[in-house]
Ligand code: SF4
């Protein structure tokens, strides 16, 4: 047996087939922060098994077997957008037959139509509408809170906040303050894409700049508005650029502690200019998705949650990802349009019961949370700890 294979660490690391992982194993075991170079080792190692075990070690250290989800409704109040991100198949121009643009009354009516008992989170992110006045946005948040007492409105990506700053001619901090007064409780993590300038210029050149995205989240955190962070991967970015993205988030999290979760979003290669220009028709592979989640869990040591977004990587792979560092599987969603416009083949939503079944079938303990990560209900595990239920179809 070689030195690597005979590594005398805890059982969960044996055998370590890639000797380059040994110092990382030691650091993870000691709870030490990984360097950028070590992050790259994780991205390149052929030893998937150890990578999984390392990510799971950290996940279980933070959360045991608990796996979080939220009973949520997703609503896009408009798909009209002038920004022109090349990866986007959701946006429409004003006047196009497929364009929609709800008034405040229509937003309230839509939520009423989709309402389910026990809903806690309303997640909204939408296009950058060229003509809606600033007053529309706080009015909408206020109307939702008045009509659905107790609902938690998590809305407006940092890109949208910058857009609102432009149309209102108010600083982004003021925009955030007024939206908070209207009842906004948290920001989603969208608009981050990939921070690296080289990539951003090609996929989102008219969108909020990386530094501004980070600044808006910094400002939100300073006001007590907690936020989330995404990363769009699987297109033209390099592995170094993925890690650079995480590195910038890790630094901001050190500074503010205001992020709840990190959400890798797999590029959907359908009906968008980027896919067409690249001739790219393939989805990310399952192993790329799982590796990415595991690297995020290990590199983002100051994030509580790494989220497996079932809409983009499927509920089947999300079940597997619970062993690869994932501690949160987002929400029921009920009706998603952004990823599906670009080719996502998952259902538009999942029921609360399906979420629970999906987690339990993976041998984990479902915890229903709200948008602010308060635990609402822990579903008792149906099996003894240490054993796993057989995989079950969930939809
Ligand atoms: S990703 Fe968002 S900002 Fe970019 S074009 Fe699509 S809707 Fe507009």
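Laboratory data are not the source of any read-out in this text; all were calculated from the coordinates shown. Remember, it's a predicted structure, so these values are computed and weren't measured experimentally. Ideal geometry is used to build each Cβ from the backbone, glycine not excepted, and the neighbour counts take in all protein chains shown.
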Do you know the relative contact order of the stretch 226-348, to the nearest whole percent, from alpha carbon pairs under 8 angstrom that are 6+ apart?
-> 27
Residue span residue 197 to residue 27: 0.36 nm per residue of separation minus Cα-Cα distance leaves a gain in nm of 58.1 nm
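Rank the residues 278, 376 as a footprinting-exposure proxy: fewest other Cβ atoms within 10 Å of their Cβ go first.
376, 278
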Taking the chain as the reference, fit the longest principal axis to its C-alpha atoms, fit the long axis of helix 158-168 to the helix C-alpha atoms, and give the angle between the two in degrees, 0 to 90, nearest 10.
-> 20
Let a ≥ b ≥ c be the square roots of the eigenvalues of the Cα gyration tensor of the chain; is it rounded (a/c under 1.5), or, if not, prolate (a/b larger than b/c) or oblate?
-> prolate
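Is the shape of the stretch 146-199 rounded, prolate or oblate, going by the alpha carbon gyration tensor and its root eigenvalues a ≥ b ≥ c, with a/c under 1.5 for rounded and a/b larger than b/c for prolate?
Values: a/c = 3.35, a/b = 1.56, b/c = 2.14.
Taking the square roots of the gyration eigenvalues as a ≥ b ≥ c, the stretch 146-199 is oblate.
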Measure off 7 Å from each Cα along the Cα-to-Cβ vector at residue 316 and residue 114, then give the distance between these two points in nanometres to one decimal.
-> 2.6
FRET efficiency, residue 100 to residue 181 (Cβ-Cβ, R0 22 Å, nearest 0.05) | 0.20
Using Cα pairs under 8 angstrom and six or more residues apart, how large is the relative contact order of the chain, in percent?
-> 20
By the Cα gyration tensor axes a ≥ b ≥ c (a/c under 1.5 gives rounded; else a/b larger than b/c gives prolate, otherwise oblate), the shape of the stretch 265-367 is oblate
At 0.36 nm per residue, minus the direct Cα-Cα distance, what do residue 239 and residue 285 gain on full extension? Give it in nm, one decimal, please.
-> 15.1 nm
Relative to the first principal axis of the alpha-carbon coordinates of the chain, what is the inclination of helix 48-63, with its axis defined by its Cα atoms, in degrees from 0 to 90 and to the nearest 10?
-> 60
Arrange the following residues from fewest to most other Cβ atoms within 10 Å of their Cβ: 76, 60, 113, 105.
-> 113, 105, 60, 76
Helical contribution to [θ] at 222 nm, DSSP H n ≥ 4, -39,500 (n - 2.57), averaged over the chain, rounded to 500 = -12000 deg cm²/dmol
How would you rank 79-87, 360-368, highest first, on the average number of other Cβ atoms within 10 Å across their residues?
-> 360-368, 79-87
0 to 90° range, to nearest 10: angle between helix 210-222 axis and the chain longest Cα axis | 80
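Using alpha-carbon pairs under 8 Å, 6+ residues apart, how would you state the relative contact order of the stretch 90-158 in percent?
38
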Cα centroids of the stretch 171-187 and the stretch 286-356: how far apart, whole angstrom?
-> 28
Residue order, fewest to most beta carbons within 10 Å, for 299, 48 = 48, 299
Roughly what % antiparallel, to the nearest 5, for the DSSP beta bridges in the stretch 65-378?
-> 10
